[in-house]
Each structure stands twice: as C-alpha cells, then as structure tokens.
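Working notes, beginning with the structure itself.
The values are calculated or read from the model by the stated rules, or taken from the named source; none is laboratory data. What you see is a predicted model, and the numbers here were worked out from it, not measured in a lab. Cβ placement follows ideal geometry from the backbone for every residue including glycine, while neighbour counts extend to all protein chains displayed. Quick note on the areas: whole protein, heavy atoms, side chains included, nothing else; ligands and nucleic acids left out. Shrake-Rupley method; radii C 1.70, N 1.55, O 1.52, S 1.80 Å.
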Amino acid sequence: MKILQTAILLVFTLLVVPIFTYFFGISLGEREWEALGILIKICAVSISYCFLVGELTGNNSQVDKYWSILPIIYAWVMAYFGEFSLRMVLLALLVTAWGARLTYNFARKGAYKWRFWEGEEDYRWEILRNKPEFQPKWKWTLFNLFFISGYQNVLILLFTLPMLVTMQFDDGSIGLVDYLVASIVLFFLAIETVADEQQWNYQKEKWRLIKEGKLLTGDFAKGFLDKGLWAISRHPNYLGEQGFWVSFYFFSVVASGQWLNWSVVGCLLLLILFQGSSNFSEEISASKYDAYKAYQARVPRFVPRPKGKAEESPAPSS
C-alpha cells in the first residue's frame with residue numbers, strides 16, 4: 001500500500017509540473033533561467049550525495065539533514081540574481097529564519113555529527129525499510145533513489161521557487177501587502193517553533209524518567225503529547241510547516257498579480273507529502289499507544305476546529 005501511494009505521488013509529480021507550467025506558466029527571462037540553472041545543479045549534487053551516502057552508510061536521513069539548509073542556499077542565490085532588492089532580501093531572511101529554527105531543532109536531536117554522514121536517523125526509515133514491500137534490498141535502493149533522495153530534493157527546490165517568480169516581477173519596491181504576507185509567514189513559523197518546543201520538552205522529560213527507571217504517570221503514561229498546541233491539532237508542527245510555504249507562495253502572487261502561477265506546484269506537493277507522512281507516523285503511534293485512537297477521534301489532524309464543535313464520528317479525523 002505504501003509503495004502504491006509513493007508511486008501515485010511520483011506520477012502525480014511528473015504530470016502536474018508540466019501541466020501547471022504549460023497552463024499557468026510565466027515565461028522566465030534570461031536572468032531567471034540563469035538562476036534556475038544554478039539551483040538545478042545544486043539540487044542534482046544534493047540528490048547524488050544523499051543517495052550515495054545513504055546507500056553506503058545505511059543512514060537514510062541525509063535529505064533530512066539538508067531539508068532546512070538547502071532552501072537557505074536557494075533563497076540567497078535568488079536574492080543575488082535579484083540584485084538584493086528589498087523584497088528579495090525580505091524573502092531570503094524569512095527562509096533563513098525558518099531554516100535556522102528547523103536546523104537547530106534537528107541538531108538537538110543528534111542529527112548532525114562531525115562525521116557528517118552519521119547522526120541520528122529518523123526512526124520511520126528503519127520501520128519502513130524492514131517492511132515486506134521493500135524486500136529484497138534492491139527495492140529499497142530504488143525507493144531511496146527515486147523518493148528519499150530524488151523526489152524530496154526536487155520538492156525542496158520547488159517550494160522555494162515562488163521567489164523566482166517574485167524576482168521576475170520585482171520592481172525594487174516593497175509594499176504593505178508584502179509585509180502582510182510576511183506577517184502570516186511569521187505566524188506559521190511561530191506555530192512551528194512553539195509546537196516543536198512543546199514536543200521537545202515532553203519527550204526530553206519522558207525519556208529522562210524512562211532512563212532513570214521511574215514509573216510513568218499522568219501525561220507521560222500515555223506516551224504521547226496531547227497538551228498545548230497538541231491539544232487542538234495532532235500535528236501543529238506540520239501545520240506550521242505547510243502554512244509557512246503556502247503563505248510564502250503568495251509573495252509571487254503579490255509580485256506578479258496572478259493568483260495562480262506555476263510555482264504553486266511546490267507547496268501543493270508539500271501538502272500531499274505531509275498527508276502521507278502523517279499517515280505513516282500515526283500508523284506507528286496508534287500501534288504503540290493505546291490511547292492514540294481516542295486522541296485521533298478527539299483532535300483534528302492539522303487545522304483546529306472551531307471551539308465547541310464536537311466530533312460526529314469516533315473515526316480518526318483527516
């Protein structure tokens with residue numbers, strides 16, 4: 001089932017990118033093509049590195065390590081080609097703030113080591129790797145090449161490309177609407193930050209108690225966090241991440257005057273990715289924690305529901 005979902009996702013990607021480019025395309029100028037050429041080369045190097053290192057070390061979190069770093073590089077390359085205009089610098093600074101926060105959160109979990117190919121691997125990769133669908137090993141190798149290393153690296157590039165459209169129509173000025181969009185972007189960044197901090201504090205204390213051999217009681221006995229932002233959304237960190245990049249797309253809308261342009265593909269594909277990622281995470285959580293299904297029935301997956309609105313069905317919400 002997971003392999004089928006991944007295949008559908010990849011086919012969707014191959015279809016939707018050309019379609020959006022054709023019907024909602026904004027012809028790039030010479031400067032934009034030059035910038036895009038450099039971005040594609042960086043992406044290609046990253047794909048090759050992540051695949052080879054992942055295969056050689058067995059640690060498939062190589063893309064995870066660069067998920068927060070590559071957008072910063074892409075953003076400042078585009079800012080350079082945009083002659084560091086006020087709007088382009090604003091966008092690059094927003095991406096840098098997002099990347100710095102995510103890099104810090106990933107680093108404190110042990111993801112980065114002096115031996116840069118090592119570091120903590122996302123626990124979900126090992127679980128997925130051991131599934132019957134990925135046996136024998138060559139199936140996992142193909143999955144690593146086309147999805148983990150290939151697809152995700154391309155996606156990282158795609159969701160930063162609204163900045164390329166913004167650059168094309170940038171007149172060097174910056175207006176109130178830009179600041180409004182920036183405020184919304186920062187709002188979602190704040191949600192991510194708070195959600196990750198709450199999760200970090202909970203998990204840190206839970207594992208401290210476990211290592212000391214103490215009995216888990218109260219919230220820790222459940223095994224998962226359902227307080228704070230996690231009481232109104234099962235994945236507030238994912239909500240913030242998706243909201244950040246969807247909002248970021250609207251800088252291209254402001255600059256171009258077009259509500260729909262080809263650069264929307266990146267944030268749309270990100271939404272699909274998080275749907276699949278959260279499905280897999282919740283499958284694991286529901287198998288580990290007895291109270292998780294009740295939590296799924298009580299709390300929405302991403303977007304909080306209006307206060308006082310009750311669930312009509314005990315089935316997990318989407």
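The table for this structure:
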item: Residues satisfying the stated conditions in the range 211-236, i.e. open to solvent by less than 70 Å² (accessible area, probe 1.4 Å) and in a helix (DSSP H, G or I); result: ASP219, PHE220, ALA221, LYS222, GLY228, LEU229, TRP230, ALA231, PRO236
item: Count of residues meeting criterion [part of a loop (DSSP other than H, G, I, E, B) and free of Cβ contacts under 8 Å to residues at least 12 places away in the same chain] in the range 45-67; result: 1
item: Qualifying residue in the range 241-250 (condition: buried (at least 22 other Cβ atoms within 10 Å of the Cβ), in contact with a Lys or Arg (Cβ under 6 Å, 6 or more places away or on another chain) and on the phi < 0 side of the Ramachandran plot); result: no
item: Subset of the range 286-311 (residues that are outside any loop (DSSP other than H, G, I, E, B), under 26 Å from ASP122 (Cα atoms) and open to solvent by 20 Å² or more (accessible area, probe 1.4 Å)); result: ALA286, SER287, LYS288, LYS293, ALA294
item: Which numbered condition ARG208 misses (of (1) touching a Pro at 6+ places or on another chain (Cβ under 7 Å); (2) open to solvent by 30 Å² or more (accessible area, probe 1.4 Å)); result: (1)
item: Residue that is most open to solvent (accessible area, probe 1.4 Å) [pool: residues in the range 251-285 that are of a type in the set (Phe, Trp, Tyr) and out of contact with any Asp or Glu (no Cβ under 9 Å at 6 or more places or on another chain)]; result: TRP259
item: Residue list for the range 237-278, filter: of a type in the set (S, T, N, Q) and part of a helix (DSSP H, G or I); result: ASN237, GLN242, SER247, SER252, SER256, GLN275, SER277, SER278
item: Pick from the range 45-71, criterion aliphatic (A, V, I, L, M) and open to solvent by 50 Å² or more (accessible area, probe 1.4 Å), ranking: farthest from TRP245 (Cα to Cα); result: LEU56
item: The lone exception for ALA97 - which of (1) under 18 Å from the mean Cα position of the chain (by Cα); (2) buried (at least 21 other Cβ atoms within 10 Å of the Cβ); (3) closer than 16 Å to MET163 by Cα; (4) not charged (D, E, K, R) it fails; result: (2)
item: Flag for ILE148 being over 25 Å from GLY266 (Cα atoms) and of a type in the set (A, V, I, L, M); result: no
item: Residue that is farthest from THR193 (Cα to Cα) [pool: residues in the range 68-123 that are assigned to a helix (DSSP H, G or I) and of a type in the set (S, T, N, Q)]; result: THR96
item: Residue under evaluation ILE232, criteria (1) over 18 Å from the mean Cα position of the chain (by Cα); (2) more than 19 Å from VAL194 (Cα to Cα), criterion not met; result: (2)
item: Single match in PHE116, PHE81 (criterion: within 22 Å of VAL45 (Cα to Cα) and surrounded by fewer than 16 Cβ atoms within 10 Å (Cβ to Cβ)); result: PHE116
item: Top-ranked residue of the range 147-188 - restricted to ones that are of a type in the set (A, V, I, L, M) and open to solvent by 20 Å² or more (accessible area, probe 1.4 Å), ranked as farthest from ILE47 (Cα to Cα); result: LEU176
item: Single unsatisfied condition, GLU126 versus (1) open to solvent by 40 Å² or more (accessible area, probe 1.4 Å); (2) outside any helix (DSSP H, G or I); result: (2)
